[in-house]
Structure formats: C-alpha cells, structure tokens
Amino acid sequence: MSEDNNWEKDVLTSIATEGLKEQKRTRRWGIFFKVLTFVYLFVLLAMLNPGMKSGTTDGKHTALVELKGVIAPGAEASADNIVTGLRAAFKDPDTAGVILRINSPGGSPVQSGYIYDEILRLREKYPDMPMYAVISDICASGGYYVAAAADKIYADQASIVGSIGVRMDNFGFVDAMKKLGIERRTLTAGKSKALLDPFAPQDKRVVKHMHGLLKSVHNQFINAVKQGRGDRLKEVDGMFEGLIWTGDQGVEIGLVDELGSSSYVAREVIGEENIVNFSVQPDFLERFSKKIGAQISSILLEKDLTMQLR
C-alpha cells in the first residue's frame with residue numbers, strides 16, 4: 001500500500017514540475033514576442049521620422065530650438081547641441097523667425113556664455129532674422145543668461161525667471177572627524193592645491209580668493225544681462241543678487257518683454273504659425289537603446305508583479 005502511495009506521489013510531482021516548466025516557457029516566449037513587436041514598431045517609427053526637424057517644412061516656417069534641463073557639457077542642453085540647432089535654424093532659407101524655448105534652472109556659466117555669444121553672432125550675421133526667447137516653466141541663472149541675448153523675451157505669467165547670481169557649494173566635516181577620531185592625511189605639492197578640501201578647516205585666505213573668483217563670474221553675468229536687455233531693465237533690489245520673479249513680475253521690472261507662449265509668438269509676432277523643430281535629437285541608437293531598455297524593464301516588472309500577486 002505504501003509503495004502505491006509513493007508511485008502516485010511521484011506521478012503527481014512529475015506532472016506539477018512539467019506544468020511549471022511549461023508556464024516558464026510560455027512567459028519567456030511572451031516576453032520575447034512583446035520585445036520583438038516593440039522593436040519592429042520602433043524601427044518603423046524611426047524610418048518614418050529620422051531627421052532633426054519635425055513639422056511641415058514646406059514653405060516659410062518658425063524655427064524652434066529647445067533648451068531643456070541643466071546647461072552642462074554632454075547634457076541635452078549643452079552649448080554644442082543648442083548652438084548646432086540655432087545655426088541650422090538661422091541658416092534655413094525658409095525660416096521666418098527663430099524661437100529658443102527655455103526650460104532650465106541654469107548650469108555652467110561657461111556653456112551659457114558660449115550660447116549667449118553665438119546668439120549675438122547669429123543675430124549680427126542674419127540682421128533681418130528675428131530671434132525670441134520663450135520661457136516655459138523656469139528660466140533661471142544660466143538659462144536667463146542665454147535668454148538675455150535674444151531680441152525679446154516672452155514668458156507665461158507663472159514662469160520663474162531671474163536668479164542672476166553665481167554659487168559654489170561645499171561641505172565641512174572637520175568637527176565630525178574630530179568626534180570620530182579620524183585623522184586627515186592629504187599630501188599636496190602647492191600650498192593651495194587642496195583649497196576646497198571638505199575635511200580641512202577653512203582658510204580665510206582661500207575663502208577671500210574664491211569670493212573674488214565668484215564675483216568676477218557674477219560681473220560677467222550682470223554685464224551680459226545689461227548688454228542684452230539695455231534700458232528695458234528697471235533695476236530693483238535683489239535683481240542681481242539671485243532673487244527670482246514670476247513672469248508677470250518680470251514684465252514689470254524688464255526681465256521679460258511680454259507674456260506669450262511659443263505658438264503665440266510664432267502666430268502673432270513672427271507671423272508663421274507652422275513651427276519646425278531644429279533641436280538636436282539623440283542619435284538613433286541612443287534613442288533606441290533607451291526605449292528598448294525601458295520597454296524590457298516594464299515587461300519584466302509586469303511579469304514579476306504578476307507572479308507575486310499569484
């Protein structure tokens with residue numbers, strides 16, 4: 001009787017094991033076909049829209065360049081990307097006007113300066129081509145540095161503008177090291193080589209030097225804003241001390257010319273409602289890898305959650 005029970009148990013175990021294996025195979029094939037379908041659709045979409053431009057390019061149009069995110073080398077809003085898009089926009093014979101749409105908290109003063117200088121150069125090279133900056137959510141610090149080079153600045157009434165200042169962040173762990181009994185052993189050749197070492201006490205001489213450095217960059221920023229905005233600025237307390245304002249407040253003090261969106265500027269100011277995007281896009285492989293990675297993660301997460309809920 002015991003042997004019969006063992007035999008039945010072995011058969012049931014074998015059937016259950018095969019069932020689990022079949023479920024795993026089914027899930028794997030399901031994931032494979034979903035990924036394959038996604039790859040096919042993505043490649044098809046890329047073939048239909050491979051270029052840098054988007055929009056109807058037949059005839060006159062308003063050229064748009066997007067400046068989104070932190071302005072930094074290697075970032076989407078790097079000087080290389082923004083300048084490349086602006087040059088293409090100005091050069092296109094069917095461009096009636098250029099909009100630089102900005103949504104940025106700022107970033108590198110060097111990268112911002114590159115873009116600012118290039119806008120001035122392009123405006124001088126194409127004197128009949130109007131160029132406007134349009135602020136969406138935020139245009140602060142380096143973002144406003146860039147905007148100041150445009151013919152006019154437009155914003156939404158709730159946009160955030162300003163923050164004309166320069167900052168440098170650091171931390172100090174000297175007291176914490178004393179409490180923990182940690183000894184600092186940094187060797188340098190040069191008295192000030194470790195001038196920003198967070199594990200060493202502040203040196204008054206170094207602090208004074210760094211303040212001078214920040215002041216120099218700050219003055220460059222202020223001069224660029226004054227040069228770009230001219231007598232439209234109505235200087236108020238805090239204007240060049242890092243304060244921020246809303247778009248409608250910006251109009252009152254001359255940081256912004258008028259309220260308006262990109263479509264408004266294209267339609268009512270430039271006179272060409274058709275907008276063509278000249279922003280530099282990531283190359284096909286980069287876009288593909290990001291999309292495929294996100295899709296695979298989503299599928300795997302969905303499967304994992306399904307198994308947990310079971």
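The values are calculated or read from the model by the stated rules, or taken from the named source; none is laboratory data. Predicted model only: the values in this text are computed from it and were never measured. With ideal geometry, Cβ positions are generated from the backbone for all residues, glycine too; neighbour counts draw on all protein chains shown.
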task: Go through the residues of segment 136-143 one by one and say whether even a single one is more than 17 Å from Ala63 (Cβ to Cβ) and in a loop (DSSP other than H, G, I, E, B).
output: yes
query: If we scan segment 178-190, do we find a residue that is closer than 30 Å to Gly242 by Cβ and not in a helix (DSSP H, G or I)?
result: no
- request: Exactly one condition in (1) assigned to a loop (DSSP other than H, G, I, E, B); (2) farther than 19 Å from Ala224 by Cβ; (3) touching a residue at least 24 places away in the same chain (Cβ under 8 Å); (4) not small (Gly, Ala, Ser) is not met by Asp169; state its number.
  value: (3)
task: Kindly establish whether Val207 is closer than 30 Å to Leu255 by Cβ and either surrounded by fewer than 11 Cβ atoms within 10 Å (Cβ to Cβ) or at pLDDT 80 or above (or both).
output: no
query: Does Ala96 satisfy being among the hydrophobic types (A, V, I, L, M, F, W, C) and either farther than 19 Å from Thr62 by Cα or touching a Pro at 6+ places or on another chain (Cβ under 7 Å) (or both)?
result: no
- prompt: Within the set of pairs 6+ apart or on separate chains, which have a first residue in segment 214-239 that is outside the structural domain of Lys152 (by TED's automatic domain parsing), a second that is charged (D, E, K, R), and C-beta atoms under 6 Å apart?
  reply: none
- prompt: Among the listed residues Ala77, Ala158, Ala150, which satisfies the condition of being closer than 25 Å to Ile270 by Cα, touching a Leu at 6+ places or on another chain (Cβ under 6 Å) and part of a loop (DSSP other than H, G, I, E, B)?
  reply: Ala77
Segment 238-290, subset at pLDDT below 95 and assigned to a helix (DSSP H, G or I), residue surrounded by the fewest Cβ atoms within 10 Å (Cβ to Cβ): Leu285
